[in-house]
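> The structure's right below; bear with me while I get my questions together.
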Amino acid sequence: MENKYLDNCIAIDTGLEGISFFRRTMKAGESVTPKLDAEELIVLLFDGGSAFVQIREDIFNITEPSVFIPDFDHSPYTIQAIEDLEFLMCVFTMNEWDKTFFKGWNLHLPFFSKYSDGVRFNYMGRSKSLGSWSLIQPFQLGHLSLSVVCGRGGKAESQGNPLQNQWLYAVGDSRYQLSVNKEQASDETAGSFRFIPVNQPYTLIAGENVPVCYFDIQYFVEADIQKNYLAQIFNGRMTETR
């Protein structure tokens, strides 16, 4: 799979139509200017190595795991690495529901956020030692939502997400074990990228005081999610309708 926006990437096969992921490393001092696209939603996830993104006179400094989303083909941007780093380019094809919804209401683009500037929230399936930050909430950019989990030691588990496919991208000095769908746990470290299909449970465990930090990417599997949006607005739960 070729990345038409950026050279020297490693493609990660998803097996899913309309969703692509590409891994890109940069050496200190290197800069890249990805090509723009008018239709596809591009999301860049940075591992926290020192760098910055520049759009004309605006500079977004990267000093910790961060997300950047360009404004389609409206804002050329350049990534400048100060240290060696890795980032993930996520490419999502917007369907008709996404496009229609986006015209009426959307997250302002371009968008940049360090993970610690996200909305802090609590989740019953995670140890108190693991903090959670929401960077993109459901429906702000159609089917996509994004959060970061960081801390030291502890456990995170889910009985299975009935609405969304999920990917975990480990960054920083992360070291943990992950079991998906009750299979034998595997050791995961920085750079690990794991797919958790809809409805599959998982358990993530890190030893005491062991660093944990990962992006949690979630994407609705249904093409039309209007009923989920209305349920969230009126009932506060995406699985219940009026």
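> Scan segment 78-113 for residues that are in contact with a strand residue (DSSP E or B) (Cβ under 9 Å, 6 or more places away or on another chain), open to solvent by 20 Å² or more (accessible area, probe 1.4 Å) and under 23 Å from Lys35 (Cα atoms) and report the count.
Selection size over segment 78-113: 16.
> Could you list, ordered by first residue, the pairs with Cβ atoms under 6 Å in which the first is in segment 211-231 and more than 28 Å from Lys114 (Cβ to Cβ) and in contact (Cβ under 8 Å) with a residue 40 or more places away in the chain and the second is open to solvent by 10 Å² or more (accessible area, probe 1.4 Å) and of a type outside the set (Gly, Ala, Ser), at least 6 apart or interchain?
Cβ pairs passing all conditions: Val221/Asn165; Val221/Val198; Ala223/Asn95; Asp224/Trp97; Asn228/Met238.
> Taking the condition open to solvent by 30 Å² or more (accessible area, probe 1.4 Å), touching a residue at least 60 places away in the same chain (Cβ under 8 Å) and under 13 Å from the mean Cα position of the chain (by Cα), does Pro162 pass?
Against the criterion (open to solvent by 30 Å² or more (accessible area, probe 1.4 Å), touching a residue at least 60 places away in the same chain (Cβ under 8 Å) and under 13 Å from the mean Cα position of the chain (by Cα)), Pro162 does not qualify.
> Let me ask another. Just a yes or no: is a residue in segment 142-152 without any contact (Cβ under 8 Å) to a residue 60 or more places away in the chain and open to solvent by 30 Å² or more (accessible area, probe 1.4 Å)?
No, segment 142-152 contains no residue that is without any contact (Cβ under 8 Å) to a residue 60 or more places away in the chain and open to solvent by 30 Å² or more (accessible area, probe 1.4 Å).
> Looking at segment 63-77, is at least one residue assigned to a strand (DSSP E or B) and surrounded by fewer than 20 Cβ atoms within 10 Å (Cβ to Cβ)?
Checked against the condition, which is being assigned to a strand (DSSP E or B) and surrounded by fewer than 20 Cβ atoms within 10 Å (Cβ to Cβ), segment 63-77 yields no hits at all.
> Same structure again: Give the residues of segment 110-125 that are at pLDDT 95 or above and either polar (S, T, N, Q) or in a loop (DSSP other than H, G, I, E, B) (or both), sorted by residue number.
Within segment 110-125, Pro110, Ser113, Ser116, Gly118 meet the criteria.
> Just one of the numbered conditions (1) of a type outside the set (S, T, N, Q); (2) in contact (Cβ under 8 Å) with a residue 24 or more places away in the chain; (3) assigned to a strand (DSSP E or B) is not true of Lys128; which one?
(3)
> Looking at Val43 and the list (1) in contact with a Cys (Cβ under 7 Å, 6 or more places away or on another chain); (2) outside any strand (DSSP E or B), which single condition is not satisfied?
Answer for Val43: the failing condition is (2).
> Looking at segment 172-203, which of its residues are under 27 Å from Asp84 (Cα atoms) and not in a loop (DSSP other than H, G, I, E, B)?
Passing the criteria: Arg175, Tyr176, Gln177, Leu178, Ser186, Asp187, Glu188, Thr189, Phe193, Arg194, Phe195.
This table checks each residue for (1) surrounded by 12 or more Cβ atoms within 10 Å (Cβ to Cβ); (2) at pLDDT below 95; (3) more than 18 Å from Tyr77 (Cα to Cα).
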residue	(1), (2), (3)
Ile19	yes, no, yes
Asp47	yes, no, yes
Ser50	yes, no, no
Glu57	no, yes, no
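> Is it the case, given these coordinates, that Thr93 is modelled with pLDDT of 95 or more, β-branched (Val, Ile, Thr) and in contact with a Ser or Thr (Cβ under 6 Å, 6 or more places away or on another chain)?
no
> Of all residues being in contact with a Gly (Cβ under 9 Å, 6 or more places away or on another chain) and over 28 Å from Phe21 (Cα atoms) in segment 200-242, which is least open to solvent (accessible area, probe 1.4 Å)? Just the residue, please.
Gly207
The values are calculated or read from the model by the stated rules, or taken from the named source; none is laboratory data. None of the values given here were measured: they were computed from a predicted structure. Here Cβ is always computed from backbone atoms with ideal geometry, including for glycine, and neighbour counts include all displayed protein chains. Just so you know, the surface numbers come from the protein's heavy atoms only, side chains and all, with ligands and any DNA or RNA stripped out. Shrake-Rupley method; radii C 1.70, N 1.55, O 1.52, S 1.80 Å.
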